[in-house]
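Undergrad: Let me give you the structure first, and then I'll get to my questions.
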Amino acid sequence: MERRTIGTAALEVGAVGLGCMPMSWAYSGSRQRGDESLRTVHRALDRGVTLLDTADMYGPFTNELLVGRALKERRAEAFVSTKVGLLVGDQHIVANGRPGYVRRACDASLRRLQTDVIDLYQLHRADPEVPVEETWGAMAELVRAGKVRALGLCAVGVRGGRRTGARLYDGTLRQLERVQQVFPVSTVEAELSLWSAEALHALLPWCAAHGVGLLAAMPLGNGFLTGTLRPGEGFEPDDLRARHPRFTAEMMAANQPIVAGLRRVAGRHGEDVTPAQVALAWVLAQGPQVVPVPGTKRARWVMENAGAAALRLTARDLAELAELPAARGSWY
């Protein structure tokens, strides 16, 4: 698979990553099976998908344990990204950016991942009670101690249609400027897909100007852009899409023209090309420092997603995709 070099630390990863979160967090719990997820990670590595993205809060902890089982045998083939800064409690999630906690959390992640170094350690959320410079400074100490190779920041946007454009990520841009003074940022992770493109205007210019990689989270629109979801099918109560304003039956029906456009473009490239591959190829086309990180728990989808790296969209394709209607949600 094509490789991309991202970030000031010259991180080399496959052009498409693997988001491991759905294997144990946020999506249909009844479909989460450890052995099948483990096979999925192995299949990803076989296909040249090197970036494995997880977090200590996913599960919590079980996602890192799962990735660690795969890394025990194949650490040299993987680029491991995990996150710190969020604690999962009973019906609530809180931020913790205290330096002492960061150090303990890193050691715990290393044990669960069965590795002696984390390739990319990301700050999941800044703690409003702790200056972000202090949290980032503790993370920088982990780099100097040899426990972490590089640092990244997860972007926080304001949803609801009340703020758009660059303003969506104003808070993240302020954080980036602050932490950059403490230790270099290698990556920013933010939602980026054909139906959530705000990061292109708000964050990508900053990343390009500073030599920082952009990890595109949810590049398949939480599964909608694959064309495999149908309006009215519903979701299990523990599935995040059950409460997502774009996944009501009405809004899923209203957003079908986006999937139809992906299908038209896919059809021009061959009968085996899928809407998901077109959606990922669109993300890849946004810049050499952009790496989509689609989440999945099935080996067949890993293979399909990896195939997007070889798909080259034409100027006509990109123009047609740019003309697709904006995604609608029940917040409007």
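The values are calculated or read from the model by the stated rules, or taken from the named source; none is laboratory data. Owing to the predicted nature of the structure, the values given are computational and were not obtained by experimental measurement. So basically every Cβ, Gly included, is an ideal-geometry build from the backbone, and we count neighbours across all protein chains shown. Areas reflect the complete protein model, heavy atoms only, side chains present, ligands, DNA and RNA absent. Shrake-Rupley method; radii C 1.70, N 1.55, O 1.52, S 1.80 Å.
Undergrad: So for the range 224-332, considering every pair of alpha-carbon atoms, how many percent are separated by more than 17 Å? Write out the running numbers ahead of the final one.
TA: Values: 3384 of 5886 pairs.
The calculated P(r) of the range 224-332 puts 57 percent of pairs beyond 17 Å.
Undergrad: What list of ³J(HN,Hα) values in whole Hz, one per residue of the range 202-216 in order, does the Karplus curve 6.51 cos²θ - 1.76 cosθ + 1.60 (θ = phi - 60°) give from phi, with Gly and Pro shown as x?
TA: Working through the residues one at a time gives 8, 10, 4, x, 5, 4, 4, 5, 10, x, 9, x, 10, 8, 8 Hz.
Undergrad: Once R0 is set to 56 Å, what does the formula 1/(1 + (r/R0)^6) return for the Cβ-Cβ distance between His210 and Glu271, expressed as a FRET efficiency to the nearest 0.05? Walk me through the numbers on the way to the answer.
TA: Values: r = 42 Å, r/R0 = 0.75.
Efficiency for this residue pair is about 0.85.
Undergrad: Still on this structure, I have one more. From the square roots a ≥ b ≥ c of the eigenvalues of the alpha-carbon gyration tensor of the range 259-317, which class results: rounded (a/c under 1.5), prolate (a/b over b/c), or oblate? Spell out each step's value before the answer.
TA: Working: a/c = 1.92, a/b = 1.14, b/c = 1.68.
Oblate is the answer for the range 259-317, as a/c is 1.5 or above yet b/c matches or exceeds a/b.
Undergrad: Rounded, prolate or oblate: pick one for the range 138-273, where a ≥ b ≥ c are the square roots of the eigenvalues of its C-alpha gyration tensor, a/c under 1.5 means rounded, and failing that, prolate if a/b is larger than b/c, else oblate. Please list the in-between numbers first.
TA: Details: a/c = 2.11, a/b = 1.91, b/c = 1.10.
Because a/c hits 1.5 or more and a/b exceeds b/c, the range 138-273 counts as prolate.
Undergrad: Ignoring ligands, DNA and RNA, what accessible area per residue does the range 242-292 give at 1.4 Å, in Å²? Could you put the intermediate results ahead of the total?
TA: On the way: 2000 Å² over 51 residues.
Accessible area per residue, the range 242-292: 39 Å².
Undergrad: Moving on to the next point. Probe radius 1.4 Å, ligands and nucleic acids ignored: give me the carbon and sulfur share of the accessible area of the range 122-229 as a rounded percent. Mind dumping the intermediate values first?
TA: Details: 2100 of 4080 Å².
Taking all protein chains in place, the range 122-229 shows 52 percent carbon and sulfur surface.
Undergrad: With every protein chain kept in the model, how would you rank His92, His244, His210 by accessible area, 1.4 Å probe, largest at the top? Intermediate values should be presented prior to the final figure.
TA: Working: His92 95, His244 30, His210 65 Å².
Result of the area sort, largest leading: His92, His210, His244.
Undergrad: Still on this structure: Specify which residue in the list Ala216, Gly19, Gln122 is farthest towards the positive end of the charge dipole of the chain, using unit charges on the beta carbon of Lys, Arg (+1) and Asp, Glu (-1), about the Cα centre.
TA: Gly19
Undergrad: Can you compute the modelled spin-label distance between Arg312 and Ala249, with each label point 7 Å from Cα toward Cβ, in nm?
TA: According to this spin-label approximation, the distance is 4.5 nm.
Undergrad: OK, next. What is the Cα centroid distance between the range 180-195 and the range 227-301, reported in whole angstrom?
TA: 22
Undergrad: Using a 1.4 Å probe and counting only protein heavy atoms, arrange Arg174, Arg74, Arg103 so the residue with the most accessible area comes first. Provide the component values of the computation, followed by the final result.
TA: Working: Arg174 150, Arg74 35, Arg103 100 Å².
Largest accessible area first, the residues go Arg174, Arg103, Arg74.
Undergrad: Sticking with this structure for a sec: Between rounded, prolate and oblate, where does the range 14-111 land on the alpha carbon gyration tensor, with a ≥ b ≥ c its root eigenvalues, rounded for a/c under 1.5, else prolate if a/b exceeds b/c?
TA: Numbers: a/c = 2.16, a/b = 1.39, b/c = 1.55.
Verdict is oblate for the range 14-111.
Undergrad: Residues of the range 57-173: accessible area per residue at 1.4 Å, in Å²? Please report the intermediate quantities before stating the final value.
TA: Values: 5190 Å² over 117 residues.
Heavy-atom SASA per residue in the range 57-173 reads 44 Å².
Undergrad: On to the next question. Within the chain, what percent of beta bridges assigned by DSSP are antiparallel, to the nearest 5?
TA: Values: 9 of 36 bridges.
Here the antiparallel bridges make up roughly 25 percent for the chain.
Undergrad: Between Phe235 and Asp35, how many nm apart are label points set 7 Å from Cα along the C-beta direction?
TA: Between Phe235 and Asp35, the simple spin-label model gives 2.9 nm.
Undergrad: In nm, to one decimal, how far is the Gln91 label point from the Glu320 one, both placed 7 Å along Cα→Cβ?
TA: 5.0
Undergrad: Within the range 88-221, what percent of beta bridges assigned by DSSP are antiparallel, to the nearest 5?
TA: On the way: 3 of 16 bridges.
Beta bridges within the range 88-221, antiparallel portion: roughly 20 percent.
Undergrad: Provide the percentage of antiparallel DSSP beta bridges, counting only those with both residues in the range 144-267; round to the nearest 5.
TA: If we restrict to bridges inside the range 144-267, about 10 percent are antiparallel.
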